[in-house]
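Visitor: Below is one structure. I have some questions about it.
Throughout, read-outs are computed from the coordinates displayed, never taken from laboratory work. On a predicted model such as this, the values are computed, not experimentally measured, just so you know. A quick note on method: Cβ atoms are made from the backbone with ideal geometry, for glycine too, and the neighbour counts reach across all protein chains shown.
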Amino acid sequence: EVQLVQSGAEVKKPGESLKISCKGSGYSFTSQWIVWVRQMPGKGLEWMGIIYPGDSDTRYSPSFEGQVTISVDKSISTAYLQWSSLKASDTGLYYCARQYCSGGTCYLFFDYWGQGTLVTVSS
Amino acid sequence: QSVLTQPPSVSGAPGQRVTISCTGSSSNIGAGYDVHWYQQLPGTAPKLLIYGNTNRPSGVPDRFSGSKSGTSVSLAITGLQAGDEADYYCQSYDSSLTGYVFGTGTKVTVL
């Protein structure tokens, strides 16, 4: 069974750093892209960036470039999203999801999602 | 950041049919990129509902259907049920942004 399990909720102060995780299981982790999606309170879904665990190839949305860092440790099938200096505006729910790939072709949609990690940044 | 526009809300009585439109531009839907749909039930993660404009993943009831004609894309829910109350998002790829884009989201209410 394919699963993406994310780390637990975090409460941080502005200026602090944070790294949240997304562990994949039940499939070949290194051959499927992982995407990060933000959902601010009461708002819609925003694509943040995507990483290919096989070679760590990473692409960022222009809205998030320079604001976050996406990385992966393929030895433990885990992708990460990190901030070096959080702002109150980073408060939100963050999802990881898998981009569907089959037979060497990757399709432009996300078939499995993590449960989400709530990040609250408040002084 | 949303470049795909959806109606904020649609509603219908149990058993009725509702449709949700998703409007893009020449760099995404108009460029021929497929549209996919997700259902987000209250307090849960999004779930893939329709992929490749019209295809349902295994386990998704055939009450849900997607269509695309030219640059016009929509999701239809027939036989509306209370359990269909959720937010629905369309998603595509945008060549100008060189990345993925989501719709603004539509809240479906069952009257």
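Visitor: Among B:Ser26, B:Gly43, B:Gln16, pick out the residue whose Cα is farthest towards the positive end of the charge dipole of chain B, where Lys and Arg carry +1 and Asp and Glu carry -1 on C-beta, about the Cα centre.
Guide: Of the listed residues, the answer is B:Gln16.
Visitor: For A:Glu1 and A:Cys106, calculate 0.36 nm times their separation in residues minus their Cα-Cα distance, and state this gained length in nm to one decimal.
Guide: Length difference between fully extended and current span is 35.8 nm.
Visitor: Give me, ordered by chain and number, the residues 5 or more places off B:Gly103 or on other chains with an amide H under 5 Å from its own placed amide H.
Guide: Here B:Cys90, B:Gln91 satisfy the definition.
Visitor: Could you work out which residue, out of B:Thr23, B:Thr78, B:Thr54, moves most in a Gaussian network model of chain B, that is, has the largest mean-square fluctuation with Cα springs under 10 Å?
Guide: Maximum fluctuation in the GNM of chain B, among the listed residues, is at B:Thr78.
Visitor: When chain A is treated as a GNM, springs tying every alpha-carbon pair under 10 Å, which of A:Ser31, A:Ser89, A:Ser21 comes out with the largest mean-square fluctuation?
Guide: Residue with maximal mean-square fluctuation among A:Ser31, A:Ser89, A:Ser21: A:Ser89.
Visitor: Which order results if A:Arg98, B:Arg56 are arranged by neighbouring Cβ count within 10 Å, fewest first?
Guide: B:Arg56, A:Arg98
Visitor: Using Cβ counts within 10 Å as a stand-in for footprinting exposure, how do A:Leu108, B:Leu75 rank, fewest first?
Guide: A:Leu108, B:Leu75
Visitor: Relative contact order of chain B: what whole-number percent is it, with Cα pairs under 8 angstrom and at least 6 residues apart?
Guide: Worked out over chain B, it gives 38 percent.
Visitor: Here's a follow-up. Once amide H atoms are built 1.01 Å from N in the peptide plane, which residues 5 or more positions from A:Gly114, or in another chain, come under 5 Å H to H?
Guide: Amide H neighbours of A:Gly114: A:Cys96, A:Ala97.
Visitor: A follow-up question, please. Just list whichever of A:Lys13/A:Lys43; A:Lys13/B:Lys107; A:Lys87/B:Lys47; A:Lys12/A:Lys74; A:Lys23/B:Lys68; A:Lys12/B:Lys47 have alpha carbons separated by over 24 Å in the model shown.
Guide: Over 24 Å apart, Cα to Cα: A:Lys13/B:Lys107; A:Lys87/B:Lys47; A:Lys12/A:Lys74; A:Lys23/B:Lys68; A:Lys12/B:Lys47.
Visitor: Then there's this: Going 7 Å from the Cα of B:Asn55 in the Cα-to-Cβ direction, what parts of region B:7-35 have a backbone nitrogen less than 19 Å from that spot?
Guide: B:29, B:32-35
Visitor: Of all the Cα-Cα pairs you can form in the protein assembly as shown, what percent are over 23 Å apart?
Guide: Counting pairs separated by more than 23 Å, the tail of P(r) holds 48 percent.
Visitor: Give me the dipole magnitude in Debye, nearest 20, for chain A about the Cα centre, with unit charges on the beta carbon: positive for Lys and Arg, negative for Asp and Glu.
Guide: Its charge dipole is roughly 240 debye.
Visitor: Let me ask something else about it. Can you give the charge dipole size of the protein assembly as shown about its Cα centre, rounded to the nearest 20 debye, using +1 on the beta carbon of Lys and Arg and -1 on the beta carbon of Asp and Glu?
Guide: Once rounded to the nearest 20, the dipole reads 220 debye.
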